Amino acid sequence: MRIVLLGAPGSGKGTQAQRLIQAHGVPQVSTGDLLREAVAQGTELGKKAQSIMASGALVDDDTILGIIRERLARPDAAAGFILDGFPRTIGQADALNVLLAQLGQPLDAVVLMEVDSKALFDRLTGRRTCRTCGLVFNVHTAPPPSPPPCDGRCESPDLFQRPDDSEATIGRRLEVYEASTRPLVEYYRREGLLRSVDAEGDIDAVTARLNAAISAQ
Ligand code: AMP
């Protein structure tokens, strides 16, 4: 299975990708997660990306494509992958087509996760991540259990808010999505790959709709 999850920040791409990897046994490839790892490790890439990410802007296409080439070359991606947060520009989509043609691994589908903009804002301001196990919660819609541990996966949940989920940066990220990423909807529609999913409401219900969209011929 080779799919792209397309959607605005906060549309639930990461949450749903986590569920798909369990069900389909392919890795989630999130450029945002790969960049955050680089920032945490203090690599050259991380130093370069940190302030760009904090501002809500996009990291340049060449840098992102370097990360993707390296990630898709790893053995676990040979059986397929779920791309989350990539591509985000027409240039990235064009380069992905070239790369996947070289690998002989074309995309099966691009799924657009549709969420109303007010719901996006609430999801992003409420998002909290457990530093210990990486599980993502939402203080409005999916609060962490009290008392801990969270989901039994770690003993000492240590929740933090992503710096780019501050109210000041969220508006910028949503503008960047509209200007740079939204055009990919038409791009993939023209390629006959686009499927749309109502991504609002209950997480399990969204997963069911997503699975139906992926398996539809
Ligand atoms: P995300 O976790 O997908 O919301 O990404 C967090 C931030 O990382 C974005 O706001 C961008 O600054 C950067 N980023 C992640 N993926 C990409 C991408 N495909 N192209 C450019 N910048 C990206």
Work from the charge dipole of the chain (Cβ charges, +1 for Lys and Arg, -1 for Asp and Glu, about the Cα centre) and give the residue of 15, 163, 28 farthest towards its positive end.
28
Let's test this: bin the Cα-Cα distances of the stretch 1-88 at 10 Å from zero up to the farthest pair and state each bin's percent.
17, 49, 31, 3
Would you compute, from DSSP H runs of 4+ residues alone, the mean residue ellipticity of the chain at 222 nm, taking -39500 (n - 2.57) per run and dividing by the full residue count, rounded to the nearest 500?
-14500 deg cm²/dmol
Hey, which lysines would be in cross-link range of residue 13, C-alpha to C-alpha under 24 Å, not counting anything within fewer than 8 residues on its own chain?
118
Specify whether the C-alpha gyration tensor of the stretch 172-217 places it in the rounded, prolate or oblate class, a ≥ b ≥ c being the square roots of the eigenvalues: rounded for a/c under 1.5, otherwise prolate if a/b is larger than b/c and oblate if not.
oblate
Scalar couplings 3J(HN,Hα) for the stretch 115-126 by Karplus 6.51 cos²θ - 1.76 cosθ + 1.60 (θ = phi - 60°), nearest whole Hz, x for Gly and Pro, are 9, 5, 5, 5, 5, 4, 4, 5, 5, 6, 5, x
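How big is the charge dipole of the stretch 73-217 about its Cα centre, in debye rounded to the nearest 20, if each Lys and Arg gets +1 on its Cβ and each Asp and Glu gets -1 on its Cβ?
220 debye
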Which of 114, 191, 167 ends up with the largest GNM mean-square fluctuation for the chain, with Cα atoms connected below 10 Å?
191
With T = 25 °C, eta = 0.890 mPa s and Kirkwood Rh from C-alpha pairs, the Stokes-Einstein D of the chain in µm²/s is about 137 µm²/s
Could you sort 140, 24 by accessible area so the largest value comes first, with the probe set to 1.4 Å?
140, 24
Residue-ordered couplings for the stretch 174-188, obtained by feeding phi - 60° into the Karplus form 6.51 cos²θ - 1.76 cosθ + 1.60 and rounding to whole Hz (Gly and Pro as x), are 5, 5, 4, 4, 4, 6, 9, 9, 3, x, 5, 4, 5, 4, 7
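The values are calculated or read from the model by the stated rules, or taken from the named source; none is laboratory data. Being a predicted model, the structure only gives us computed values, none of them experimental. Reconstructed Cβ throughout: ideal geometry from the backbone, glycine too, with neighbour counts over all protein chains shown. Side chains are part of the model used for accessible areas, which takes the heavy atoms of the whole protein and leaves out ligands, DNA and RNA. Shrake-Rupley method; radii C 1.70, N 1.55, O 1.52, S 1.80 Å.
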